[in-house]
1. Scan the stretch 1-38 for residues that are crowded, with 22+ Cβ neighbours inside 10 Å and touching a helix residue (DSSP H, G or I) at 6+ places or on another chain (Cβ under 7 Å) and jot them down.
2. Looking for something within 11 Å of the chain's Cα centre (by Cα) and among the acidic types (Asp, Glu) - is there at least one such residue anywhere in the stretch 40-47?
3. Sort out which residues of the stretch 91-123 are assigned to a helix (DSSP H, G or I) and in contact (Cβ under 8 Å) with a residue 40 or more places away in the chain, and write them in order of number.
4. Kindly provide the set of residues from the stretch 39-60 that are in contact (Cβ under 8 Å) with a residue 40 or more places away in the chain, closer than 22 Å to ALA100 by Cβ and open to solvent by less than 70 Å² (accessible area, probe 1.4 Å), ordered by number.
5. Look through the stretch 73-102, keep the residues that are within 14 Å of VAL121 (Cβ to Cβ) and among the small types (Gly, Ala, Ser), and return whichever of them is least open to solvent (accessible area, probe 1.4 Å).
6. Looking at GLN115 and the list (1) farther than 23 Å from LEU18 by Cα; (2) open to solvent by 40 Å² or more (accessible area, probe 1.4 Å), which single condition is not satisfied?
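The values are calculated or read from the model by the stated rules, or taken from the named source; none is laboratory data. Bear in mind that the values here come from a model prediction, so they are computed numbers and not experimental data. FYI the Cβ positions are ideal-geometry reconstructions off the backbone, even for glycines, and counts take in every protein chain you see. To get the accessible areas, we keep the full protein, side chains included, count just its heavy atoms, and leave off ligands, DNA and RNA. Shrake-Rupley method; radii C 1.70, N 1.55, O 1.52, S 1.80 Å.
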Amino acid sequence: QVQLVESGGGLVQAGGSLRLSCAASGRTFENYNMGWFRQAPGNQREFVALIRWSGGSTYYADSVMGRFTISRDNAKNTVYLQMNSLKPEDTAVYYCAARAGYTTTAWDAYDYWGQGTQVTVSS
């Protein structure tokens, strides 16, 4: 089992920044590829960013490319999502997820999920 706890969400004006954190506990964190997803009311859960277990490879949704940065610190069992130039359409609950297998953007392929953290961007 891997337990994931997100933090860092909040209310921010358009153009602002937030940094989300996801703290992991349980099984060996560095064995897992990590992803960030988000879900707005009435929408399906969508992929935001992922990072391989080694931290050497990342991938982003087109909608956040150039604005968001995913990173991880395996010594601290934590993955981060730095969000800059936020837009109202970024408003959603953000979830981190862990997967033991190959990297994928498919949310239903992830093994473990956090409870989510709300991000609200005002115009």
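1. PHE37
2. Within the stretch 40-47, one or more residues are within 11 Å of the chain's Cα centre (by Cα) and among the acidic types (Asp, Glu).
3. Selection gives TRP107 alone.
4. ARG45, PHE47, VAL48, LEU50, SER57
5. Once the filter is applied, the top-ranked residue is ALA92.
6. Every listed condition holds for GLN115 apart from (1).
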